[in-house]
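The values are calculated or read from the model by the stated rules, or taken from the named source; none is laboratory data. What you are looking at is a predicted structure, and each value in this text was computed from that prediction instead of being measured. Cβ placement follows ideal geometry from the backbone for every residue including glycine, while neighbour counts extend to all protein chains displayed. Note: areas computed on protein heavy atoms with side chains; ligands, DNA, RNA excluded. Shrake-Rupley method; radii C 1.70, N 1.55, O 1.52, S 1.80 Å.
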Amino acid sequence: MFIQVPKGTQDILPDDAPKWYYIENKIREVLTKYGYQEIRTPAFEYTELFIRGIGESTDIVTKEMFTFPDRKERSLTLRPEGTAPVVRAYLENKMGRASKVVKLFYIGSMFRCEKPQAGRFRQFNQFGIEVIGTKSPEADVEVIMAALEIYEKLGLKNLEIVINSVGCKKCRVDYIQKLKKFLRNKKDLLCLECVKRYEKNPLRVLDCKKDSCQKIMETAPMITENLCPECKLHFEEVKSHLDDFKIKYQIDHKLVRGLDYYTKTAFEIVGKGLGAQNAIAGGGRYDDLVEELGGKPTPGVGFAAGIERMIMVMNQQKINWPKPKCIDIFIVKVSEENKDTAFRLLQKIRNSGLSADLDYSNGSLKSQMRIANKIGARYTVIIGEEELSKDMVTLRNMQTKEQKKVKLDGNWEDLTPREEIHGNYKNKRY
Ligand code: HAM
């Protein structure tokens, strides 16, 4: 029995890898246009970062983290999300000194020990952006627009934006009191999980997915009706900018999200018809997080999006994946005696900027041609005794089947214009 991938993880196989770099290229293209710079943080951090950043009583911290000690018994955790690490890096590298507003993006694997199901993995990939250093509601809207533009450029349709305001430290305290008062004599009707939430994190009762809890919460006081003037104005401005750009959204008073750092704006982008795991992106403002992680009070806003879920939507919506670039030239040896010549020629062609390969398995002429077809080679160069004695080889166009004799030390650069190795996807020739 061979060893299999751990539960909740998956291989990205060569057939699928081009989809990933196509998506990643689009993300980089759009976010660079919006003025974001890429940051790469480690895959693991000290556990304390997530306890303080995400919140002690959140599902992520209480039951979903992959935590392990290092050799000196310091507790480390595989990052379950990217915001706390980015804020840690922002503080550690004093990024706020160089510019007041810092705009960062990241693409990488996150790890959560959840029950795997469609669209929910234990290792999954997110891209995300964080704007640190501005309170401006325009930044909240920019973040949403950047996400939408990436989805639009990739051809995703039928997405819905759901927004809410979760208030700030000040107004939330009063709201939580009201909510607790409302729930006090209904505790028996709540699910077991929500009874715990009532004590530790009552806001989370709002977005419990169980029917019984949802029914109770229908008549619960709404957070948006209990915002302080500053949070109320902020929410109004965010909505007004969205209206201005004709971006459609739904307000969901129950949207509170699973991470404790949110203040004011919280939002999700959901894919219609995706089932239970329909959130393809989520984010919001986190005006207290920098301070909670030891910095000066500094506001922030951002979002993260699941790439696997995005690919699920793209496949579901039958979006055409651009074809990746195939090999330019496959070298075919008529006899194994020509293998040294073939090997030298292979490298010469590669040095000229074309992609080239040959078969190392001593296969027959027929099997080498089969490989060339299978990998979609544009040309084959056939090395046969007779031609070789005249320092010539045969060049075969695999599409037109035309063949001609060319010089062995000919100018291969003239054959075809050089293209980027990682795919000029607009090129439909292949
Ligand atoms: P989140 O809502 O926990 O937010 O995750 C963002 C997105 O990551 C989700 O909408 C979903 O697409 C994807 N995702 C989450 N968990 C899984 C999973 N187990 N399997 C597959 N995909 C998953 C955050 O992570 C925040 N850091 C977002 C943020 C950035 N807020 C402010 N800045």
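Among residues of segment 110-139 that are more than 30 Å from Gly167 (Cβ to Cβ), those with a beta-carbon under 8 Å from a residue that is acidic (Asp, Glu) and more than 7 Å from the ligand (Cβ to nearest atom) at least six positions away or on a different chain give the pairs Cys113/Glu64. Among the candidates Pro80, Pro69, the residue that is assigned by TED's automatic domain parsing to the domain that holds Thr265, without any contact (Cβ under 8 Å) to a residue 40 or more places away in the chain and in contact with a Ser or Thr (Cβ under 7 Å, 6 or more places away or on another chain) is uniquely Pro69. Here Lys178 fulfils each of the conditions (1) farther than 30 Å from Ser99 by Cα; (2) in the same structural domain as Ala281 (by TED's automatic domain parsing); (3) touching a residue at least 12 places away in the same chain (Cβ under 8 Å) apart from (2).
Table: residues versus (1) open to solvent by less than 30 Å² (accessible area, probe 1.4 Å); (2) outside the structural domain of Thr394 (by TED's automatic domain parsing).
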| residue | (1), (2) |
| --- | --- |
| Val301 | yes, yes |
| Ala305 | yes, yes |
| Arg309 | no, yes |
| Met312 | no, yes |
| Leu354 | yes, no |
| Lys366 | no, no |
| Asn373 | no, no |
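So which residues in segment 47-99 are over 21 Å from the mean Cα position of the chain (by Cα) and basic (Lys, Arg)? So that I can check it myself, show each step before the final result.
Step one: filter segment 47-99 for residues over 21 Å from the mean Cα position of the chain (by Cα), giving 47-49, 51-52, 55-59, 61-63, 67-76, 91-99.
Hits for segment 47-99 are Arg52, Lys63, Arg71, Lys72, Arg74, Lys94, Arg97.
Restricting the first member to segment 184-195 and to residues that are under 11 Å from Met217 (Cβ atoms), and the second to residues that are open to solvent by less than 60 Å² (accessible area, probe 1.4 Å) and in a loop (DSSP other than H, G, I, E, B), the beta-carbon pairs closer than 6 Å and six or more apart or on different chains are Cys194/Cys208.
The set of residues from segment 38-68 being within 14 Å of the ligand (Cβ to nearest atom) and assigned to a helix (DSSP H, G or I) comprises Leu49, Phe50, Gly53, Ile54, Asp59, Ile60, Val61, Lys63, Glu64. For segment 285-305, the candidate set comprises residues that are closer than 21 Å to Thr62 by Cβ and near the ligand (Cβ under 10 Å from one of its atoms); within that set, the residue that is nearest to the chain's Cα centre (by Cα) is Ala304. Looking across Ala276, Ala266, one residue alone is surrounded by 19 or more Cβ atoms within 10 Å (Cβ to Cβ), among the aliphatic types (A, V, I, L, M) and more than 8 Å from the ligand (Cβ to nearest atom). It is Ala266.
Only one of the numbered conditions (1) of a type in the set (Gly, Ala, Ser); (2) open to solvent by 50 Å² or more (accessible area, probe 1.4 Å); (3) modelled with pLDDT of 95 or more is not met by Ser212, and that is (3).
Take the residues in segment 313-334 that are part of a strand (DSSP E or B) and aliphatic (A, V, I, L, M); name whichever of them is farthest from the ligand (Cβ to nearest atom). Step by step, filter segment 313-334, then rank; the result is Val332.
Contact map, segment 34-62: first residue under 18 Å from Gly302 (Cβ atoms), second residue open to solvent by 40 Å² or more (accessible area, probe 1.4 Å) and of a type in the set (Gly, Ala, Ser), Cβ cut-off under 9 Å, separation 6 or more or different chains; pairs are Arg52/Gly294. Of the residues making up segment 144-165, those that are more than 20 Å from Lys246 (Cβ to Cβ) and touching a helix residue (DSSP H, G or I) at 6+ places or on another chain (Cβ under 6 Å) number 2.
Any residue in segment 30-39 that is open to solvent by 40 Å² or more (accessible area, probe 1.4 Å), out of contact with any strand residue (DSSP E or B) (no Cβ under 9 Å at 6 or more places or on another chain), over 22 Å from Glu308 (Cα atoms) and assigned by TED's automatic domain parsing to the domain that holds Met110? Yes; the residues of segment 30-39 include at least one that is open to solvent by 40 Å² or more (accessible area, probe 1.4 Å), out of contact with any strand residue (DSSP E or B) (no Cβ under 9 Å at 6 or more places or on another chain), over 22 Å from Glu308 (Cα atoms) and assigned by TED's automatic domain parsing to the domain that holds Met110.
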